[in-house]
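First comes the structure, then the notes that go with it.
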Amino acid sequence: MTLMQKFLGAAATLALSAGAALAEPALIFDLGGKFDKSFNEAAFNGAQRWSQENGTSFREIELQSEAQREQALRRFAENGNNPIVMTGFAFGNVLGEVAPDYPDTKFAIIDMVVDAPNVRSVVFNEHEGSYLVGMLAAMASETGTVGFIGGMDIPLIRKFACGYAQGVKAVNPDATVIQNMTGTTPAAWNDPVKGSELTKAQISQGADVVYAAAGGTGVGVLQTAADEDILSIGVDSNQNYMHPGQVLTSMLKRVDNAVYDAMAAGPDLETGINVMGVGNGGVGYALDEHNAQLVTNDMQNAVDQAAEQIASGDLTVHDYMSDNSCPVN
Amino acid sequence: MDRMPNWADAVLVPLISLLLAAILSAGVILAIGESPVDAFSLMVEGALMRSAGWGYTLYYATNFIFTGLAVSVAFHARLFNIGGEGQAMLGGLGVALVCLYIPWPHWSLAIVAGAVGAALFGALWALVPAYLQAKRGSHIVITTIMFNFIAAALLNYVLVNLLRPVGAMDPATARFPDAVHLPTFQDMFSTAATPLFRGAPANVSFFLALLACGLVWLLIWRTRLGYEIRAFGHSDSAARYAGISPVRITVVTMLISGGLAGMMAVNTTMGEAERLVMNATEGAGFIGIAVALMGRNHPIGVLLAAILFGFLYQGGAELALWTNIPRELIVVIQALVILFTGALDNMVRMPLERAFLAGRKRRA
């Protein structure tokens, strides 16, 4: 081996290790876009929190088409980004194919289970959180009629609706739950105008609390509820601040924590299935200065008690996804 | 002679339009504080300098060829089919049914059946608007665009309630069996020593698209039906006088157009995702309109325009991956190209034509 070869080899090793040390995590947003004030934005906030606390940066991309899913995953993995975090169940299939090709890269997927040795799957028990806000809705309602506005009509959103309906009926078995889905295409995640129309329709049917589980569409729901002077319930992120005193609460789905944890763990990310429920703070309801006067002590006690029972396993909320049906509606 | 030469019409006008769009896009990128030169070289680098980049460019181009041909065939009969999106969605359903419920021994048989299934479903989806236009005079622009929404709703219903595997979250069908896996460019052109098109979705249906280009050219300029379509397009009353049935031409043209749009699904559904997903078309039906306009409704033009738009899509993806240019501005850049090459065509053409005529007069 000549001196030159040694030198080149050393340089290559140095370059490789430098690359590994510089490996920044990457975050891939689903088609809904980064600033939906909801699911994707929660993920962005988690990543932002991590990067500010550590003074480091991360790569990110907002997808434009289905074919880009695999492309983004592969390009980031080849670029040495580690771990690669993605938001949304729609990545499941693609990740299942891509993950085995990059055994040294760690992936984290939210809202879906992918069975691979280098993947952390984070799933949330949204039905439990929705149950809690459903109880609050029933207790706050004076008309005995509450509304649910979903985004795109997919099983995940029916899971929200089913948990919510169960919570409502647990408090008031005679209550009516009006359910509407915004649409049948992905555009339904970002259609505030339609959300507003649906809210008005539900109000005319007597609803005085409306729960929006609809991504960016929820902005229109919350706005109209505030304009028409009824209560609304936000989703995913804490949306209480958007209309102080008019948003009863928000169903929190701590996507931000999931992203933060994944990025903080770095390349040593622990893999496997990670279920985030009421028990471990993965889902819950939001209580802050903006809705303090809306949630009475009695309401809070009742909901906290239910949360404890869910956490301890004494109370089971039916999961729509388990059998594609809902015991109440 | 009051027209400019053909080469200027076919080459110069699109080139100048593109240049104008590029200058405006550069301005947009400058305005948000990024370097247009870097952005452009990143797009070229990512879309055309690597084989995997070509793999994506040609994958998108395959979609646009089919939808572009669909629009241009209809346009020869002066029918404006903006329902390519819905027809492609239904085409996807046709492909999925063929792939899921018939056990194919080999992909070569499956692609033929898949293409037939896709074309059949796409054509059926165009049949109702065509009938309404031919018999009732309901304007085809309105009906086809409405049918896009009906298609989306129908597909959603079918995927969520009928075809989705139990317990799956994604509104999508199960994976197609391995036997119908279409060879990708990677499978076809890579050798052990030189891996090419790694991970790129371009697949054998690109050649199906090229074949479709050839067949459309034959149909429009070399068959009796094509002659009737063009005659009907140029003058409804003259065609009627010559004994051409307007009802028949309207319906047949729309069936062909819908079938072509539907065949796009062979590429996205069978070639890429290998299952039917909710938004497999992603606007390719609408891009097809721009592609047809830019390609002057000629198959060669459509092919070139489709590759250009494929480049824009893949280049846009590279921009999204490696720069801080937000997704919305990438759409703005793509839209500027569509605007200049499609909608504002006459803005370049008329001054250019005047310049040519003036030049000719001086020489005379």
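The values are calculated or read from the model by the stated rules, or taken from the named source; none is laboratory data. Not measured: the values here are computed from a predicted model. Neighbour counts are summed over all protein chains in view; Cβ atoms, including those assigned to glycine, are modelled from backbone coordinates with ideal geometry.
Cβ contacts < 8 Å: first residue more than 26 Å from residue A:242 (Cβ to Cβ), restricted to region A:289-310; second residue of a type in the set (Asp, Glu) and surrounded by 13 or more Cβ atoms within 10 Å (Cβ to Cβ), any location; separation 6+ or different chain. Result? Here the result reads A:310/A:128, each pair linking region A:289-310 to a residue that is of a type in the set (Asp, Glu) and surrounded by 13 or more Cβ atoms within 10 Å (Cβ to Cβ).
Residue B:225 - would you say it is over 18 Å from the mean Cα position of the chain (by Cα) and without any contact (Cβ under 8 Å) to a residue 24 or more places away in the chain? The answer is no for residue B:225.
One residue is enough: does region B:342-358 have a residue meeting the conditions among the β-branched types (Val, Ile, Thr), in contact with a helix residue (DSSP H, G or I) (Cβ under 9 Å, 6 or more places away or on another chain) and loosely packed, with under 14 Cβ neighbours inside 10 Å?
No, region B:342-358 has no match at all.
Which of the residues spanning region B:264-280 are touching a Leu at 6+ places or on another chain (Cβ under 7 Å) and either without any contact (Cβ under 8 Å) to a residue 24 or more places away in the chain or not in a loop (DSSP other than H, G, I, E, B) (or both)? B:266, B:269, B:270, B:271, listed by residue number. In region A:182-216, the qualifying residues are those that are in contact (Cβ under 8 Å) with a residue 60 or more places away in the chain and not small (Gly, Ala, Ser), and the one that is nearest to the other protein chains (Cβ to nearest Cβ) is A:186.
In summary, strands (runs of 3 or more DSSP E) completely within region A:77-153 and bearing 2 or more residues that are closer than 23 Å to residue A:307 by Cα and modelled with pLDDT under 95 occur at A:119-124. Taken over region A:25-50, the criterion of being touching a Pro at 6+ places or on another chain (Cβ under 9 Å) and of a type in the set (Gly, Ala, Ser) is satisfied by A:26, A:32, A:47.
Got a number for residues in region B:179-200 being assigned to a helix (DSSP H, G or I) and closer than 18 Å to residue B:60 by Cβ?
2
Look at region A:35-47: where a residue is at positive phi and a partner is modelled with pLDDT of 90 or more and assigned to a helix (DSSP H, G or I), sitting 6+ places away or on another chain with Cβ atoms under 8 Å, you get A:37/A:218; A:37/A:219; A:37/A:242. Residues that are within 11 Å of another protein chain (Cβ to nearest Cβ), over 21 Å from the mean Cα position of the chain (by Cα) and not in a helix (DSSP H, G or I): does region B:201-213 have at least one? Checked against the condition, which is being within 11 Å of another protein chain (Cβ to nearest Cβ), over 21 Å from the mean Cα position of the chain (by Cα) and not in a helix (DSSP H, G or I), region B:201-213 yields no hits at all. Is it true that some residue in region B:149-158 is without any contact (Cβ under 8 Å) to a residue 60 or more places away in the chain, within 14 Å of another protein chain (Cβ to nearest Cβ), surrounded by fewer than 21 Cβ atoms within 10 Å (Cβ to Cβ) and among the β-branched types (Val, Ile, Thr)? No, there is no match, as no residue in region B:149-158 is without any contact (Cβ under 8 Å) to a residue 60 or more places away in the chain, within 14 Å of another protein chain (Cβ to nearest Cβ), surrounded by fewer than 21 Cβ atoms within 10 Å (Cβ to Cβ) and among the β-branched types (Val, Ile, Thr).
All of (1) under 17 Å from residue B:209 (Cα atoms); (2) modelled with pLDDT of 90 or more; (3) within 10 Å of chain A (Cβ to nearest Cβ) hold for residue B:314 with one exception: (1). Which residues, taken from region A:79-97, are facing chain B (nearest Cβ under 9 Å) and under 17 Å from residue A:25 (Cα atoms)? The one that is facing chain B (nearest Cβ under 9 Å) and under 17 Å from residue A:25 (Cα atoms): A:79.
Return the only residue of B:249, B:287 being under 16 Å from residue B:80 (Cα atoms), within 14 Å of chain A (Cβ to nearest Cβ) and in contact with a helix residue (DSSP H, G or I) (Cβ under 9 Å, 6 or more places away or on another chain). After ruling out the rest, the residue left standing is B:287. Taken over region B:68-92, residues that are more than 14 Å from every other protein chain (Cβ to nearest Cβ) and in a helix (DSSP H, G or I) amount to 13. No other residue among B:130, B:118 is surrounded by 15 or more Cβ atoms within 10 Å (Cβ to Cβ), more than 10 Å from chain A (Cβ to nearest Cβ), closer than 27 Å to residue A:90 by Cα and touching a residue at least 12 places away in the same chain (Cβ under 8 Å) apart from B:118. Of the residues making up region A:142-165, not a single one is away from chain B (no Cβ under 14 Å) and of a type in the set (Lys, Arg). In region A:63-72, the count of residues that are without any contact (Cβ under 8 Å) to a residue 12 or more places away in the chain, within 13 Å of chain B (Cβ to nearest Cβ) and touching a Gly at 6+ places or on another chain (Cβ under 8 Å) is one or more. Within region B:7-65, the only residue that satisfies the criterion of being surrounded by fewer than 16 Cβ atoms within 10 Å (Cβ to Cβ) and either within 13 Å of chain A (Cβ to nearest Cβ) or of a type in the set (Lys, Arg) (or both) is B:45.
Of all residues in region A:42-50, one or more are within 14 Å of chain B (Cβ to nearest Cβ) and not polar (S, T, N, Q). A single entry from A:312, A:325, A:250 fulfils the requirement of being within 14 Å of chain B (Cβ to nearest Cβ) and either modelled with pLDDT of 90 or more or surrounded by fewer than 18 Cβ atoms within 10 Å (Cβ to Cβ) (or both): A:325.
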